[in-house]
Amino acid sequence: MRDDRPVLVLSELDDATADSVIMELLARDVPVVRLDPGVDFPSDTTFAARLDESGSWAGDLATGTRRLDLTSVRAVYRRRPTPHAPSPILRPHEAEFAAREARQGFSGILANLPNCLYVNHPDANRAAAMKARQLTVAARLGFRVPATLITNDLERARAFALKHGHVIYKPLTHVRHMTPEGPLTIWTQPVHADELDDTIAGTAHLFQCLVDKVADLRVTVVGEQVFCIRIDSNPHQLDWRYDYDRLTYTWCETPPGLAGPMVRYLEHFGLAFGCFDFGLTAEGEQVFFECNPNGQWSWLEERTGAPIAAAFADLLKGGA
């Protein structure tokens, strides 16, 4: 019997990654409703949801072209939707209030639909994005994790750098600033004890022992499907994101013993999908760097042919 329950896609309207997943869903005859909450609500969308006796939200939402029964959604693919922003036509304090109410009300309902799969739930993404928690869980699952120090204490930072000799610094959060010259970010970079100064006291800093790696592994896990891509650069880059033109990609077998712990890692955070980054040593050992719970992957599919979008469609089609 045909299953007409839709997948709800929450994404910017011009996002190519979401486009590829939607095309795969349509090829499987799965209905799709696409929304960008920060853009479409409230200007082009109305909704009403009521709490029933079982504690589930029931109701519907309507756009200019579609109506969606909220109880019919089989899965939600949350692919970087636009945040709710204050309206420019309201006074500032009213606009901030309205944006907060939209986040709590409209997006709150979309984050609490009954009996459906989230890829990924926003609460799970927020918890899994915390670097300190990532490293804790990875170490407990048996991944090799570099020696790590998070501090704002200059003397302890210097002692850590002197002890390990070769140390790197990287930010604890995603950093991206727009300037007239283009976007600026902070790359993973080597540091030496004599370079550290009193500015460390201003906030928390993450330092790690430098991993002597020969390549990187970007491993995308979708449900229980695992796609391992080896990333090589010439010359070798500490942070492979620094210059994509130098990179080559190889879709390869997942190293033995790696898939199971990665799936358990996702289960720990309640995630259905994640992008893992490992350093690969000359001895073939994988060193855990991080897991991005909403990472990019579409360019890897383009370069290698790994059917990642199809894996997303398979997962979303199955629903809860």
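Taking segment 216-242 as the range and being among the hydrophobic types (A, V, I, L, M, F, W, C) and buried (at least 18 other Cβ atoms within 10 Å of the Cβ) as the test, the residues that pass are 217, 219, 221, 222, 226, 227, 228, 229, 231, 240. For segment 25-59, residues that are within 28 Å of the chain's Cα centre (by Cα) and either within 18 Å of residue 5 (Cα to Cα) or in the same structural domain as residue 273 (by TED's automatic domain parsing) (or both) total 13. Under 7 Å between Cβ atoms, which residue pairs at least 6 apart in sequence (or on different chains) link something in segment 280-299 that is in contact (Cβ under 8 Å) with a residue 40 or more places away in the chain and buried (at least 19 other Cβ atoms within 10 Å of the Cβ) with a partner that is among the small types (Gly, Ala, Ser) and part of a loop (DSSP other than H, G, I, E, B)? Every condition considered, the pairs that remain are 293/129.
Among the residues of segment 201-242, those that are in contact with a Gly (Cβ under 6 Å, 6 or more places away or on another chain) and β-branched (Val, Ile, Thr) comprise 211, 221. Of all residues in segment 241-251, one or more are among the basic types (Lys, Arg), part of a helix (DSSP H, G or I) and in contact (Cβ under 8 Å) with a residue 24 or more places away in the chain.
With closer than 26 Å to residue 160 by Cβ and among the hydrophobic types (A, V, I, L, M, F, W, C) as the only criterion, which of 200, 231 stands out? Full working, then the answer.
On the way: 231 fails: closer than 26 Å to residue 160 by Cβ.
After applying the criteria, what remains is 200.
Of all the residues in segment 253-274, those that are within 30 Å of residue 111 (Cα to Cα) and surrounded by fewer than 20 Cβ atoms within 10 Å (Cβ to Cβ) number 8. Within segment 239-272, the residues that satisfy the criterion of being farther than 30 Å from residue 76 by Cβ and out of contact with any Lys or Arg (no Cβ under 9 Å at 6 or more places or on another chain) are 242, 243, 244, 245, 246, 253, 255, 256, 257. Looking at (1) within 17 Å of the chain's Cα centre (by Cα); (2) not in a loop (DSSP other than H, G, I, E, B), which is the only condition residue 296 fails? Single failed check for residue 296: (2). Is it true that residue 211 is in contact with a strand residue (DSSP E or B) (Cβ under 7 Å, 6 or more places away or on another chain), in a loop (DSSP other than H, G, I, E, B) and either modelled with pLDDT of 80 or more or aliphatic (A, V, I, L, M) (or both)? Against the criterion (in contact with a strand residue (DSSP E or B) (Cβ under 7 Å, 6 or more places away or on another chain), in a loop (DSSP other than H, G, I, E, B) and either modelled with pLDDT of 80 or more or aliphatic (A, V, I, L, M) (or both)), residue 211 qualifies.
Within segment 27-70, the residues that satisfy the criterion of being among the β-branched types (Val, Ile, Thr) and in contact with a helix residue (DSSP H, G or I) (Cβ under 6 Å, 6 or more places away or on another chain) are 30, 32.
Could you pull out every one of the helices (runs of 4 or more DSSP H) wholly within segment 37-151 that has 2 or more residues that are surrounded by fewer than 18 Cβ atoms within 10 Å (Cβ to Cβ)? Don't jump to the end; show me each part of the working.
Working: elements: 37-40, 92-110, 122-128, 131-140.
Those helices (runs of 4 or more DSSP H) span 92-110, 122-128, 131-140.
Only one of the listed residues (215, 193, 161) is hydrophobic (A, V, I, L, M, F, W, C) and within 29 Å of residue 125 (Cα to Cα). That residue is 215.
Annotation for segment 6-26: at least one member residue is at pLDDT 95 or above, more than 26 Å from residue 300 (Cα to Cα), assigned to a loop (DSSP other than H, G, I, E, B) and touching a helix residue (DSSP H, G or I) at 6+ places or on another chain (Cβ under 7 Å).
Given the residues 100, 91, 80, which is the only one that is assigned by TED's automatic domain parsing to the domain that holds residue 58 and under 23 Å from residue 49 (Cα atoms)? So that I can check it myself, show each step before the final result.
Numbers: 91 fails: under 23 Å from residue 49 (Cα atoms); 80 fails: under 23 Å from residue 49 (Cα atoms).
None of the others qualify; the one that does is 100.
The values are calculated or read from the model by the stated rules, or taken from the named source; none is laboratory data. All of these numbers come straight from a predicted model, not from anything done at the bench. Please note: Cβ atoms are built from the backbone with ideal geometry, for glycine as well, and neighbour counts cover all protein chains shown.
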